[in-house]
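For reference, the structure is listed below as structure tokens.
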Amino acid sequence: MSSMIRSAPVSSSVDDRLPVSRIPAAERRELILDAATNVFGELGYAGATTDQVAKAAGISQPYVVRMFGSKENLFVEVMERTGDRILEVFRAAMADTDDPRPVSARIGAAYVDLIEDRGIMLSLMQGFMLGSDPRIGPVARSGFMRIYKALRNEGGFEPQQIREFLAEGMLINTLLATGLTESLDEDADAIELLACTFGDKLALVRDGLAGTPALIPSKA
């Protein structure tokens, strides 16, 4: 089955050796990681290739390998960066004392807002599924526990509250991974579950998925 991968902005030349595509190395690194997050999220670690990541980023494949060394290294960086992004969003929600809602509601809404970056949610799931991998598993577990400890130590949540919050987050990820969020106008039962899960954020889910960047078909 073909998948659809969001393409990162492409420069006037996809060959990094040409002067026209001069981009600071730090920016190019972020460009590659953005593309890799989407590619790994949609195709999984085993199904994705550095060539697909390079094409999605508008960068040459040899440059991707030179910068990251291997697909495994690239995936590990995607996982670490995804964890950083989630923590950044949670901490911003916790610090937003101008919002009158309880901190749990603020964090929950912030997590749903992340659905606009589908790759973050899906790459996270892909990493969790590789828990038995000797290199990737420890990174996935460490990232998960970083989130747990931040909610407990910085958010003041009790373990039971964190369990419920993380369980709902995994449900959101599962709805995305199965494509059930694309059944908003087709399946009454799916709509019922989605409405129960997302509440007044359901419109955001619809708009977020409809407003994703241009997609390119994968031949994987």
Quick check on residue 90: is it of a type in the set (Phe, Trp, Tyr), in contact with an Asp or Glu (Cβ under 9 Å, 6 or more places away or on another chain), modelled with pLDDT of 95 or more and surrounded by 13 or more Cβ atoms within 10 Å (Cβ to Cβ)?
yes
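Let's see how each residue does on (1) under 27 Å from residue 87 (Cβ atoms); (2) of a type outside the set (Lys, Arg); (3) at pLDDT 95 or above:
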site: 132; (1), (2), (3): yes, yes, yes
site: 135; (1), (2), (3): yes, no, yes
site: 141; (1), (2), (3): yes, no, yes
site: 149; (1), (2), (3): yes, no, yes
site: 170; (1), (2), (3): yes, yes, no
site: 193; (1), (2), (3): no, yes, no
site: 200; (1), (2), (3): yes, yes, no
site: 211; (1), (2), (3): yes, yes, no
site: 215; (1), (2), (3): no, yes, no
In segment 78-102, what count of residues is obtained for those that are hydroxyl-bearing (Ser, Thr, Tyr) and over 22 Å from the mean Cα position of the chain (by Cα)?
1
Could you list all residues from segment 44-58 that are open to solvent by less than 10 Å² (accessible area, probe 1.4 Å) and either assigned to a helix (DSSP H, G or I) or touching an Asp or Glu at 6+ places or on another chain (Cβ under 9 Å) (or both)?
44, 48, 53, 54, 56, 57
Kindly indicate whether residue 128 is open to solvent by less than 10 Å² (accessible area, probe 1.4 Å) and either among the small types (Gly, Ala, Ser) or in contact with a helix residue (DSSP H, G or I) (Cβ under 6 Å, 6 or more places away or on another chain) (or both).
no
Consider residue 175 against the criteria (1) over 30 Å from residue 141 (Cβ atoms); (2) surrounded by 14 or more Cβ atoms within 10 Å (Cβ to Cβ): it satisfies all of them except one. Which criterion is unmet?
(1)
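The values are calculated or read from the model by the stated rules, or taken from the named source; none is laboratory data. Note that the coordinates shown come from a computational prediction; the quantities given were computed from them, not determined experimentally. Cβ coordinates were reconstructed from backbone atoms using ideal geometry, including for glycine residues, and neighbour counts include every protein chain displayed. SASA here: full protein model, heavy atoms, side chains in, ligands and nucleic acids out. Shrake-Rupley method; radii C 1.70, N 1.55, O 1.52, S 1.80 Å.
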